[in-house]
1. Out of the range 43-57, which residues are more than 8 Å from the chain's Cα centre (by Cα) and within 16 Å of Leu22 (Cβ to Cβ)?
2. Regarding Arg60, is this residue among the basic types (Lys, Arg), under 15 Å from the mean Cα position of the chain (by Cα), farther than 18 Å from Tyr76 by Cα and surrounded by 13 or more Cβ atoms within 10 Å (Cβ to Cβ)?
3. From the set of residues in the range 57-77 that are touching a helix residue (DSSP H, G or I) at 6+ places or on another chain (Cβ under 7 Å) and either touching a residue at least 40 places away in the same chain (Cβ under 8 Å) or not in a helix (DSSP H, G or I) (or both), which is nearest to Gly3 (Cα to Cα)?
Amino acid sequence: LPGLSRWQRLAGSGLCVLLAALCFGLAGLCVPLLLLRARKFALLWSLGSLCALGAAALLRGPARLLREPGRGSLLYL
């Protein structure tokens, strides 16, 4: 992402982290009703995961994230 400045990457990453936390929180609220709302839980959890990975990709760069995975990303996978 060479076209973005450092502050733009930090702001985008912060926004992605906030969206990920929101999605994970809403997914957590669906856990007691998991049998009734399994689709909604899966959608929110997947969206939260994508936002969290997007935040990491904005900070480190998508190519570097795939080339040199850190311990956190390996643990997540």
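Here, each number is a calculation from the coordinates, and none is a lab measurement. Just so you know, these numbers come straight off a predicted model, no measurement behind them. Please note: Cβ atoms are built from the backbone with ideal geometry, for glycine as well, and neighbour counts cover all protein chains shown.
1. Filtering the range 43-57 for residues more than 8 Å from the chain's Cα centre (by Cα) gives 43-46, 57.
Residues satisfying the conditions are Leu43, Leu44, Trp45, Ser46.
2. Working: among the basic types (Lys, Arg): yes; under 15 Å from the mean Cα position of the chain (by Cα): yes; farther than 18 Å from Tyr76 by Cα: no; surrounded by 13 or more Cβ atoms within 10 Å (Cβ to Cβ): yes.
No: the conditions fail for Arg60.
3. Leu58
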